[in-house]
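Visitor: Sharing a structure below in structure tokens format, with a few things to ask.
Values in this text are rule-based calculations from the coordinates and carry no lab data. Keep in mind that this is a model prediction, so the values were computed, not measured. Glycine also receives a Cβ, built like all others from the backbone with ideal geometry; neighbour counts cover every protein chain displayed.
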Amino acid sequence: MLVPRLWPRVFCTTAANACLARRLFTTTRDIRTASRGILSTLDIPTKAAPIITRRMSQTADDQSVDHEADQQFSLKWRGATPQTVLIIKKANDTKVDSALARISQWLHAEYPQINIVLEPPVFNQFQSTLPFVHKIPYGMRSEYSRTVDFVVTLGGDGTFLHVSSLFEKQVPPIIPFSMGTLGFLLPFNVLDFQSQMRRVIEGSATLLPRMRLMYSKFKSDGTLDERGGVNITNEACIHRGTYPHLTTISCYLNNHLLTTSVGDG
């Protein structure tokens, strides 16, 4: 199981202001869901942080090794079991749809105390066949971080990386089942989902840390962008907006200059 975690800070300065927007409002569609009896994450209590401890690997002469690549972590829940799981799936794939339904039904039967959460478009697809699943209200991405204890992904590497975009800070433990074109980051076979998920739910799983970057954007005068730091997995895209001239970007890693580039895109 993989746990993306915070790592070095990357700073970028630019003469062009990036245009960033977020939906922070609630739509009337969200209000109507309550009258239709739709289960929402707003009814789920805030999660309790899991207990994650590091396991020290041993050499042949029984000496501890403290290298990042050798570190593994064990996972324990503060309660008897986690209370909420988020299932993310690859789009437009009937095999993945069947796997999501099978896993959700098994979870609901074996661990009825665990809330199952789906992204809004996926929730709309499965609402009639899986009436026990919960929906993230539109425009309320903070609900992912507030409620989700662990994540299950069904798809390829792109599906796995999509999870990082849903969590602005620390990403919960992820169980990635390989059901896509590429699967370099996905060690689990979906046919073994019952045993793998039991290990996670019952607190006997080993975690492998995954690195993410903390990205901060500064203006040309040195002032920090109003959004502050953002966690990224592979890259950050800065759009110059309506700025008509060449843009100069200086990239720093841990306050050390890496490179400076000039471009018109």
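Visitor: From the cross-link list Lys76/Lys135; Lys47/Lys90; Lys76/Lys219; Lys89/Lys219; Lys90/Lys169; Lys89/Lys169, which pairs have alpha carbons spaced over 31 Å apart? Numbers along the way, then the final one.
Guide: Details: Lys76/Lys135 26 Å; Lys47/Lys90 26 Å; Lys76/Lys219 42 Å; Lys89/Lys219 37 Å; Lys90/Lys169 23 Å; Lys89/Lys169 21 Å.
Too far apart for the 31 Å limit: Lys76/Lys219; Lys89/Lys219.
Visitor: Using the Cα centre as the reference, give the magnitude of the dipole from point charges on the C-beta atoms of the stretch 31-210 (Lys, Arg: +1; Asp, Glu: -1; all else neutral), rounded to the nearest 20 debye.
Guide: On the way: 18 positive and 16 negative charges, 138 e Å.
Roughly 660 debye for the stretch 31-210.
Visitor: A further question on this structure: Among the chymotrypsin sites (Phe, Trp or Tyr not before Pro) in the stretch 160-264, which ones are in a DSSP loop with at most 12 other Cβ atoms within 10 Å of the Cβ? Mind listing them?
Guide: Details: sites: Phe160, Phe167, Phe177, Phe184, Phe188, Phe193, Tyr215, Phe218, Tyr252; in loops: Phe167, Phe184.
Loop-located and lightly packed - Phe184.
Visitor: Enumerate the whole-percent occupancy of each 10 Å bin, from 0 to the last occupied one, for all C-alpha pair distances of the stretch 31-210.
Guide: All Cα pairs considered, the percentages come to 9, 36, 37, 13, 4, 1, 0.
Visitor: Report the relative contact order of the stretch 31-210, percent, no decimals, based on alpha-carbon pairs under 8 angstrom and at least 6 residues apart. Display every interim value, and only then the final one.
Guide: On the way: 285 pairs, mean separation 46.8, N = 180.
Computed value for the stretch 31-210: 26 percent relative contact order.
Visitor: State the Cα centre-to-centre distance between the stretch 126-173 and the stretch 198-265 in whole Å.
Guide: With the stretch 126-173 and the stretch 198-265 each reduced to a Cα centre, they are spaced 22 Å.
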